[in-house]
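The values are calculated or read from the model by the stated rules, or taken from the named source; none is laboratory data. None of the values given here were measured: they were computed from a predicted structure. Neighbour counts run over all protein chains shown; Cβ positions are idealised from the backbone, glycine included.
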Amino acid sequence: MSGRECGCRVGRRQGWRRSRRTGRHDEAETMSNTRERGGVDRRSVVKALGAVGAALATPELSWGAFAAQSDVEPFEIRVDDQELDDLRERLRLARWPPDAPGEPWSYGTDRAYLEELIAHWRDEFDWRVHEAELNSFDHYMTTVDGQRLHFVHQRSRGSSSFPLVMTHGWPGTVWEMLPSVKALSDPASHGGDTAEAFDVIVPSIPGFGFSGEPAEGTDIARTGDLWVGLMDQLGYDRFGAYGSDWGAAVTRYLGGRYPDRVAGIHTPGAPPRQQREPNTEPERD
């Protein structure tokens, strides 16, 4: 589904480049889960971060204090009917290329498959159902260092839950994290222990979803710095971090650059290598 039709802009890869600003990760608890691909193993996160969180002065944030922040605004996803009508019309007018020679999928996407997919998208897919599901989470908008950010902030029922920031990848949105958000913020409803609950924050990377377009030079380090600014706005001093794909790179950066703020990191796949000290601001420029 394209960015405009589902209300989610596709991230612009040209705004991203691999950061030269990396840091040592031996100061932050680092975990990996090579068995999972794209999901979050709740228990591995809980075991690693829960012990750390229990030993810390767990941040407490009253809802009144959060709501009083004028630069943090509740946000509801709502795509206009005209946008959906425009999408269906453009899908109806799709022009198909000739069939490629050879077996299906030998030279790219199989035309028959694509036609079936488009027909389902045009005639059967109900955006409003998914929109309602998205809006069952708590969405907000704010501005950090001049960057407009959208994020989900799902607080647990407990008053002393440890905060966890989760970062999605490319091409993706916060949607891919939301099933895990339910289990992490309300483990009791998923067969877990209330004591294992997290306050979960899932920001949209600049240029993705409902966040604003990225400023020139936005990269992994800049995104990680924005996340720290966001956590400052929300009143969280100490937190854990999870990420996959580009989110894994942002998460590793957070662990190396902010060891005094980040209690632990979790990324699917291999753990980060021992790396040098982060570049200074002049070196980064």
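At a glance:
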item: Filtered residues of segment 248-259 (kept if assigned to a helix (DSSP H, G or I) and closer than 21 Å to residue 177 by Cβ); result: 248, 249, 250, 251, 252, 253, 254, 255
item: Tabulated pairs, segment 228-251, first under 25 Å from residue 71 (Cβ atoms) and in the same structural domain as residue 166 (by TED's automatic domain parsing), second part of a helix (DSSP H, G or I) and among the small types (Gly, Ala, Ser), C-beta under 6 angstrom, 6+ apart or interchain; result: 250/224
item: Test: residue 259 is more than 13 Å from residue 152 (Cβ to Cβ) and not polar (S, T, N, Q); result: yes
item: Any chance residue 258 is more than 18 Å from the chain's Cα centre (by Cα), under 23 Å from residue 145 (Cα atoms) and hydroxyl-bearing (Ser, Thr, Tyr); result: yes
item: Enumeration of residues in segment 224-247 that are surrounded by fewer than 24 Cβ atoms within 10 Å (Cβ to Cβ), at pLDDT 95 or above and part of a helix (DSSP H, G or I); result: 225, 226, 228, 229, 230, 232, 233
item: Residue identified as without any contact (Cβ under 8 Å) to a residue 60 or more places away in the chain and under 16 Å from the mean Cα position of the chain (by Cα) among 163, 203; result: 203
item: Candidates 81, 138 - the one that is at negative phi and free of Cβ contacts under 8 Å to residues at least 24 places away in the same chain; result: 81
item: Some residue of segment 43-57 being part of a loop (DSSP other than H, G, I, E, B) and at pLDDT 90 or above; result: no
item: Spans of strands (runs of 3 or more DSSP E) in segment 73-174 with at least 2 residues among the hydroxyl-bearing types (Ser, Thr, Tyr); result: 139-144
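Residue-by-condition table, conditions (1) over 21 Å from residue 238 (Cα atoms); (2) among the hydrophobic types (A, V, I, L, M, F, W, C); (3) not assigned by TED's automatic domain parsing to the domain that holds residue 249:
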residue	(1), (2), (3)
156	no, no, no
161	no, no, no
178	yes, yes, no
201	no, yes, no
204	no, no, no
212	yes, no, no
